[in-house]
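Okay, structure first, notes after.
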Amino acid sequence: MKKTKRPTSHIIKLEKITDYSSPLTKTLNARLDSPAIKRMKTFSSLLKSFHLKNTVTTDVNGRKVTIDGKEVINFSSANYLGFDQHEEVIKAAISGLKNLGNHSGCSRIFSSHENIIRLEEETSKLVGSEASMICANVSHTHTGVIPALFSNEESEIFIDRYAHTSLHQASLIAVAKGATLTRVDISDLKETGRIISSSKKAHKTVLIDGLYSMQGNIPEIPKLQELCNLHDCILYVDDAHGLGIYGENGGGVVEHFNLSFENMILVGSYQKGLGAFGAFVAGPQALIDFLRVTSKSYIFSGTLQPQSVEGALKAIEISSSDEGRELRNLLWAKSKYIRSELANMGYKVISQFCDSPIISVEIGDDLKTIMAGRKIYDCGVYLNSVMYPAVPKNGGILRISLNSIHSAEDIEALLGAFNKLSADILTKKSIVTSPIKNLIAIGKSHIQGEDYNGL
């Protein structure tokens, strides 16, 4: 595969504008002086643009891809069942494009292609809800649903501290309109229940992830649903990472736990386990009808493109078939094997015994985490080096996103890379080498982050 030079226009420099002055430059330059931006810029300087963030992919051949000019095995894709590469899914997407064109050119409040209606119906069947409503993506969905339901002084939003940042950002819109926002830690159900029960608000909701994208674990959702019912509180689940991979048919954590929609709102994504594009909110018919006339992100946005819709429809069909069940069984077998092998090497695998395609290996401080990711990349494997604020300070991880279509050779290459890394990581040997070693003292004050706050 040919080498491709990374486009220079895609490199983030974080430089101030100094050759002219305007209200925009004053605001921008002030923001560029913030500790968070200085920290990012320090990393960029220390690592000389090879910190594996904002990378460019130029060639894709299954799970072998070219990233920043180097061919690597991709263990960063959340296409857990490999539907993004499935011939039937691709064929269906092409058919949608040919039959309906590239885009309808209007908002759904005016008109929808017939296949979008079918996708909503099939989604409802998959997760077991009365109805569902399609939006552009999960973040987009949250910003339409949460403010529509909980944006007044009689509303209180309880959000798990590890919930996805999109839930936090959508909640802040509701807060601006009068709602109260309270952070909880749902790993302590007793304390969470005490906090919820102390609220005197008329409308309460708990926001959680179905499958946590950093820890790779599923919370005790059935118990949390019981707790919500007990305290007159609505359970709101973001199952972006669980759809397609949990449940007999891939209906996600709702199907896996056989949860009731009587007091629950579900948001899911077609972009991960189903390898397509788009998102949805599911629940009672009355809820969906209400959101169709109140959700600003639904009313004032364009529809999904026909090819994305057809791809998602085909992915749901395959997910619900014997092939889908076989792909999920392969995923769990490979996950167990990798977790066991990493543990045998001495690594701390977060949520070690969880059935999850997200395998997070604890590394430590931010610089060490990024350099560890770089060493893995140099061995021909690409994964995510995750640091604060996506994880707590000094809680950096290497996140493996496992797919059903990763071959045995791919997995052995991954484990081989971790084996080469282990001598440095596990013996606490410095993996920070010249020329950046001499710059660490200069940037150290900017690298230190604050305590993790879930954002």
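The values are calculated or read from the model by the stated rules, or taken from the named source; none is laboratory data. Quick caveat: nothing in here was measured; it's all calculated off a predicted structure. Neighbour counts run over all protein chains shown; Cβ positions are idealised from the backbone, glycine included.
One table, with the values for the structure above:
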| item | result |
| --- | --- |
| Among the candidates Lys64, Lys91, Lys98, Lys26, residue that is assigned by TED's automatic domain parsing to the domain that holds Ser335 and basic (Lys, Arg) | Lys64 |
| All positions within region 224-241 that are in contact with an Asp or Glu (Cβ under 8 Å, 6 or more places away or on another chain) and either part of a helix (DSSP H, G or I) or polar (S, T, N, Q) (or both) | none |
| Only one of Gly283, Gly216, Gly193, Gly252 that is small (Gly, Ala, Ser) and either under 22 Å from Val89 (Cβ atoms) or touching a Gly at 6+ places or on another chain (Cβ under 8 Å) (or both) | Gly252 |
| Hits in region 135-162 (condition: surrounded by fewer than 24 Cβ atoms within 10 Å (Cβ to Cβ) and among the aliphatic types (A, V, I, L, M)) | Ala136, Ala148, Leu149, Ile159 |
| Looking only at region 279-313, and only at residues there that are at pLDDT 95 or above and in a loop (DSSP other than H, G, I, E, B), the one that is nearest to the chain's Cα centre (by Cα) | Ser295 |
| Matching residues, region 368-419, being among the aromatic types (Phe, Trp, Tyr) and within 19 Å of the chain's Cα centre (by Cα) | Tyr382, Tyr388 |
| Residue that is surrounded by the fewest Cβ atoms within 10 Å (Cβ to Cβ) [pool: residues in region 51-71 that are more than 26 Å from Tyr212 (Cβ to Cβ) and either among the polar types (S, T, N, Q) or in contact with a Gly (Cβ under 7 Å, 6 or more places away or on another chain) (or both)] | Asn61 |
| One residue from Arg374, Arg325 being surrounded by fewer than 22 Cβ atoms within 10 Å (Cβ to Cβ), touching a residue at least 40 places away in the same chain (Cβ under 8 Å) and under 24 Å from Lys125 (Cβ atoms) | Arg325 |
| Residue among Ile134, Ile157 that is out of contact with any His (no Cβ under 8 Å at 6 or more places or on another chain), touching a residue at least 12 places away in the same chain (Cβ under 8 Å), more than 16 Å from Gly283 (Cα to Cα) and not aromatic (Phe, Trp, Tyr) | Ile157 |
| Filter result for Ser356 (crowded, with 18+ Cβ neighbours inside 10 Å, hydroxyl-bearing (Ser, Thr, Tyr) and touching a His at 6+ places or on another chain (Cβ under 9 Å)) | yes |
| Single residue of Tyr236, Tyr270 found to be buried (at least 24 other Cβ atoms within 10 Å of the Cβ) and either closer than 26 Å to Gln352 by Cβ or without any contact (Cβ under 8 Å) to a residue 60 or more places away in the chain (or both) | Tyr270 |
| Flag if Arg161 is in the same structural domain as Ala286 (by TED's automatic domain parsing) and touching a Gly at 6+ places or on another chain (Cβ under 6 Å) | yes |
